[in-house]
Amino acid sequence: ETYYFFLYILERIEDKEMKLNEKKINEFFTIINEKKIKSVFQPIVSLKTGEIVSFEALSRITLDSCTINIEELFKIAHTIGHSWKLDQLCRKCAIKASQQMPSDKKLFINVDANILLDQDFVQGFTKEYLKKYHLNSNNVVFELSEQTSIEDKHLFKQAVRHYRSQGFEIAIDDVGSGYSNLNRINHTQPEYIKLDRELIQDIHLNKDKRTMVEVMVNYCKAMHYKLIVEGIETKEELECLIQLGVEYGQGYYLKKPVDNFDDLLPSIKETIKKLYNKYKKTLNIPTIDSLCHFPCTLKTYQNIKNAYQIFEENNTAQRIYVINDEGHYLGYLKRENILCHLDTVEPNLFKDSLIVPSHLPIKTVCQLYLENECSHFYEDIVVLKNQCFYGIVTIKDLLKYLIK
């Protein structure tokens, strides 16, 4: 009797769960068919100036008496194979609502890379919809996230190529979360990296979290990614992040998601400015190696024919930098000298570049460049690390850094 009673209870539970699932699925299709979704916007803020630089579009359900939240809605969509229908609706709402966004701001839109698996996925849809509302793809950043984990790295690369080919920038969302894979950054090389809120909560009380964020700050500087932290909810968290050198943030302490594009409260902006001024002298000063490019090089055991071949294979290269077996810099060869004088046994080796160590602050290098008598405006700066050739920095790079 106990056994049959147990079976009876299980059947009742299964029936209840089935009815519950049916109700949720019915709500899903009602939301899709009746377009019961609206967009709200949360600002992404400079933690130096307190100015809003971008807005992230977030979706909210407007169906009365709905029993599911937005996270469940996306899970249901994936389960029943309708991810694209939901994604399309959310994107349309975000783009339409963003018409009132200031033109100098960027719009961040969340995208689940799994939609590429959806048979209904339509390539080029977003760009066409932007055109309808007279918006530009250059002002849109796609946050690639995984509502369900993607094990196929090729699918993720495909998603990135698809959106980049249409002029969109890429952000990797939820970095540091339970299902985020840091290899995605390497596969994607995004313009933005967004740290998950789990790393930020009570960061001022947790040494491990502070160390992890500090590592990400330095990594993003080295790779020229823009780092954004999510989930700033207290002044203490904000102060800790500014002290660590984080440049951009969002969270309820700064401003909650709303259906307009209003500025931050003056008191919040003032707090950010004061905290930044408090710590800016102790923040890592950017050094010249952070701007380095790694050009074509030639070893001393190679000959002029090797130099000719390098120039032939690299159409944009104007110089080859010559180094010896120990990695020490000797000078550079010019394209016009090599291609026009292939029969020259000893080509001219030019040595008029400014040479600096990699640890020098960028502003110090600028001063040295201006004071250097043999500097020419279009000459590259040679950077050495441990007395060996490391890379070059162009004057264009210096100018871009100084005016940003």
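The values are calculated or read from the model by the stated rules, or taken from the named source; none is laboratory data. The model shown is predicted, which means the values in this text are computed figures rather than measured ones. Cβ: placed from backbone, ideal geometry, glycine included. Neighbour counts: every protein chain shown. Surface accessibility is based on the protein's heavy atoms, side chains included, excluding ligands, DNA and RNA. Shrake-Rupley method; radii C 1.70, N 1.55, O 1.52, S 1.80 Å.
Any residue at all in segment 79-98 that's among the β-branched types (Val, Ile, Thr), open to solvent by less than 80 Å² (accessible area, probe 1.4 Å), out of contact with any Leu (no Cβ under 9 Å at 6 or more places or on another chain) and part of a helix (DSSP H, G or I)? Before the answer, list the steps.
At the first step, the residues of segment 79-98 found to be among the β-branched types (Val, Ile, Thr) are 79-80, 95.
Now restrict to residues that are open to solvent by less than 80 Å² (accessible area, probe 1.4 Å): 80, 95.
Checking the rest, the ones that are also out of contact with any Leu (no Cβ under 9 Å at 6 or more places or on another chain) come to 80.
With the extra rule that they be part of a helix (DSSP H, G or I), the set shrinks to none.
So far as segment 79-98 goes, no, none of its residues is among the β-branched types (Val, Ile, Thr), open to solvent by less than 80 Å² (accessible area, probe 1.4 Å), out of contact with any Leu (no Cβ under 9 Å at 6 or more places or on another chain) and part of a helix (DSSP H, G or I).
Read through the list (1) at pLDDT 80 or above; (2) β-branched (Val, Ile, Thr); (3) open to solvent by 40 Å² or more (accessible area, probe 1.4 Å); (4) over 25 Å from residue 223 (Cα atoms), then give the number of the only condition that residue 322 fails.
(3)
Any idea which of (1) over 19 Å from residue 169 (Cα atoms); (2) touching a residue at least 60 places away in the same chain (Cβ under 8 Å) is the one residue 249 doesn't satisfy?
Tallying (1) over 19 Å from residue 169 (Cα atoms); (2) touching a residue at least 60 places away in the same chain (Cβ under 8 Å), residue 249 fails exactly one: (1).
With respect to residue 272, is the statement that it is modelled with pLDDT of 95 or more and part of a helix (DSSP H, G or I) true? Talk me through it step by step, then tell me what you get.
Values: modelled with pLDDT of 95 or more: yes; part of a helix (DSSP H, G or I): yes.
For residue 272, the condition - modelled with pLDDT of 95 or more and part of a helix (DSSP H, G or I) - is met.
For segment 277-289, how many residues meet the condition of being buried (at least 18 other Cβ atoms within 10 Å of the Cβ) and in a helix (DSSP H, G or I)? Lay out the reasoning, then the answer.
Step one: filter segment 277-289 for residues buried (at least 18 other Cβ atoms within 10 Å of the Cβ), giving 287-289.
With in a helix (DSSP H, G or I) added as a condition, the list becomes 288-289.
Within segment 277-289, residues that are buried (at least 18 other Cβ atoms within 10 Å of the Cβ) and in a helix (DSSP H, G or I) number 2.
Restricting to segment 127-150, what's the tally of residues that are under 20 Å from residue 82 (Cα atoms) and at pLDDT below 85?
7
Any residue at all in segment 216-223 that's free of Cβ contacts under 8 Å to residues at least 12 places away in the same chain and more than 26 Å from residue 140 (Cα to Cα)?
No, because not a single residue in segment 216-223 is free of Cβ contacts under 8 Å to residues at least 12 places away in the same chain and more than 26 Å from residue 140 (Cα to Cα).
When you scan segment 102-124, do you find a residue that is closer than 24 Å to residue 24 by Cα, open to solvent by less than 40 Å² (accessible area, probe 1.4 Å) and either in a strand (DSSP E or B) or in contact with a Pro (Cβ under 8 Å, 6 or more places away or on another chain) (or both), even just one?
Taking every residue of segment 102-124 in turn, at least one turns out to be closer than 24 Å to residue 24 by Cα, open to solvent by less than 40 Å² (accessible area, probe 1.4 Å) and either in a strand (DSSP E or B) or in contact with a Pro (Cβ under 8 Å, 6 or more places away or on another chain) (or both).
List the number of the failed condition for residue 39; all other conditions in (1) under 30 Å from residue 283 (Cβ atoms); (2) in contact with a Ser or Thr (Cβ under 9 Å, 6 or more places away or on another chain); (3) of a type in the set (Gly, Ala, Ser) hold.
(1)
Would a scan of segment 328-342 turn up a residue that is at pLDDT below 80 and of a type in the set (Asp, Glu)?
yes
Scanning for something under 25 Å from residue 232 (Cβ atoms), modelled with pLDDT of 55 or more, in contact with a strand residue (DSSP E or B) (Cβ under 8 Å, 6 or more places away or on another chain) and hydrophobic (A, V, I, L, M, F, W, C), does segment 32-43 turn up at least one residue?
Step one: list which residues in segment 32-43 are under 25 Å from residue 232 (Cβ atoms), which gives 38-43.
Retained after the next criterion (residues that are modelled with pLDDT of 55 or more): 38-43.
Of the ones still in play, those that are also in contact with a strand residue (DSSP E or B) (Cβ under 8 Å, 6 or more places away or on another chain) are 38-43.
Now restrict to residues that are hydrophobic (A, V, I, L, M, F, W, C): 40-41.
So far as segment 32-43 goes, yes, one or more of its residues are under 25 Å from residue 232 (Cβ atoms), modelled with pLDDT of 55 or more, in contact with a strand residue (DSSP E or B) (Cβ under 8 Å, 6 or more places away or on another chain) and hydrophobic (A, V, I, L, M, F, W, C).
Could you look through segment 160-183, keep only residues that are in a loop (DSSP other than H, G, I, E, B), open to solvent by 30 Å² or more (accessible area, probe 1.4 Å) and modelled with pLDDT under 80, and pick out the one that is farthest from residue 138 (Cα to Cα)?
Out of the qualifying residues, it is 178.
Condition first: closer than 18 Å to residue 230 by Cα and not hydrophobic (A, V, I, L, M, F, W, C). Now tell me which residues in segment 52-81 satisfy that.
The answer is 54, 56, 59, 71.
Go through the residues of segment 320-329 one by one and say whether even a single one is among the β-branched types (Val, Ile, Thr) and touching a His at 6+ places or on another chain (Cβ under 8 Å).
If we filter segment 320-329 for residues that are among the β-branched types (Val, Ile, Thr), which is where we start, we get 320, 322-323.
Checking the rest, the ones that are also touching a His at 6+ places or on another chain (Cβ under 8 Å) come to none.
No - not one qualifying residue is present in segment 320-329.
Out of all the residues in segment 288-300, is one or more at pLDDT 95 or above and closer than 30 Å to residue 145 by Cα? Walk me through it before giving the result.
Residues of segment 288-300 at pLDDT 95 or above: none.
Looking through segment 288-300, none of the residues is at pLDDT 95 or above and closer than 30 Å to residue 145 by Cα.
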